[in-house]
Amino acid sequence: MGKDISGVGIDPNITGRNRDLLGVFSHPARVKRIFVRDLTDQSKGNAIGIGLADLTTQRLVDKIDTAVTYKNCITGISLEKGAIPMHFANDREAIEVALGSIGLIPSRTSKIVRIKNTLQLEIVGVSESYMEELHPRNDVEILKGPEPWHSTAMITFCPYNLASPNFYNHSKCFLEAAGSTTHRSTFGDICRSGF
């Protein structure tokens, strides 16, 4: 997330999540959990929009310049967007909490979308449960097939690299549904979208 990504750090037109005095707007996305991994260097500590996430990392929290963030939130009459969510030592802990906090949805049917950020949506990683929805679409190119997600071995995901489309190289997780903390799903195709 970051000011160079969206004026509010995370584009609510993509996530469907908005918190401010104007209320909630109608949006087709039904995102249950948003995990934000990091704050861009270009944001210079301004973490406006972090209040739109459910979970983040200590790494991101350590980068927050509260004076700058609060000033931006106050000026934008949107104090809610400066609220710091639950934060964890590493990506794995945050993802396990996210997956375990949605309800009684079997891990095999968990719907997870992983993107670099809300500005760059050309390549996304999706859980296998999306395959039935994606295969018939002609505006999506499948770049890579399913592969196991070895969450027990992963503490922090690798940084995103557009040149090498790999599910593990994306930087945010939008969690639409979840399984238990022992989630051992197989992730579906890496897709290039015509959005």
So which residues in the range 10-46 are farther than 14 Å from I115 by Cβ and small (G, A, S)?
G23, S26, S43, G45
Exactly one condition in (1) in contact with a helix residue (DSSP H, G or I) (Cβ under 8 Å, 6 or more places away or on another chain); (2) modelled with pLDDT of 95 or more; (3) among the acidic types (D, E) is false for D62; which is it?
(1)
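This table checks each residue for (1) within 20 Å of the chain's Cα centre (by Cα); (2) at pLDDT 95 or above.
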{"position": "S43", "(1), (2)": "yes, yes"}
{"position": "I48", "(1), (2)": "yes, yes"}
{"position": "G51", "(1), (2)": "yes, yes"}
{"position": "D54", "(1), (2)": "yes, yes"}
{"position": "Q58", "(1), (2)": "yes, yes"}
{"position": "V68", "(1), (2)": "no, yes"}
{"position": "G82", "(1), (2)": "yes, yes"}
{"position": "N90", "(1), (2)": "yes, no"}
Working only within the range 36-53, note down all residues that are in contact (Cβ under 8 Å) with a residue 60 or more places away in the chain and either on the phi > 0 side of the Ramachandran plot or out of contact with any Asp or Glu (no Cβ under 7 Å at 6 or more places or on another chain) (or both).
V36, D38
Within the range 36-134, which strands (runs of 3 or more DSSP E) (wholly inside it) include 1 or more residues that are assigned by TED's automatic domain parsing to the domain that holds K144 and within 19 Å of D11 (Cα to Cα)?
112-115, 123-127
Set L119, L104, L60: member being touching a residue at least 60 places away in the same chain (Cβ under 8 Å), out of contact with any Cys (no Cβ under 9 Å at 6 or more places or on another chain) and among the hydrophobic types (A, V, I, L, M, F, W, C):
L119
Tell me whether the range 4-19 contains one or more residues that are surrounded by fewer than 18 Cβ atoms within 10 Å (Cβ to Cβ), of a type in the set (D, E, K, R) and over 18 Å from E80 (Cα atoms).
yes
With respect to T75, determine if the residue is more than 25 Å from R30 (Cα to Cα), in contact with a Gly (Cβ under 7 Å, 6 or more places away or on another chain) and not aliphatic (A, V, I, L, M).
no
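The values are calculated or read from the model by the stated rules, or taken from the named source; none is laboratory data. Predicted, not measured: the structure shown is a model, and the values here were computed from it. Neighbour counts are summed over all protein chains in view; Cβ atoms, including those assigned to glycine, are modelled from backbone coordinates with ideal geometry.
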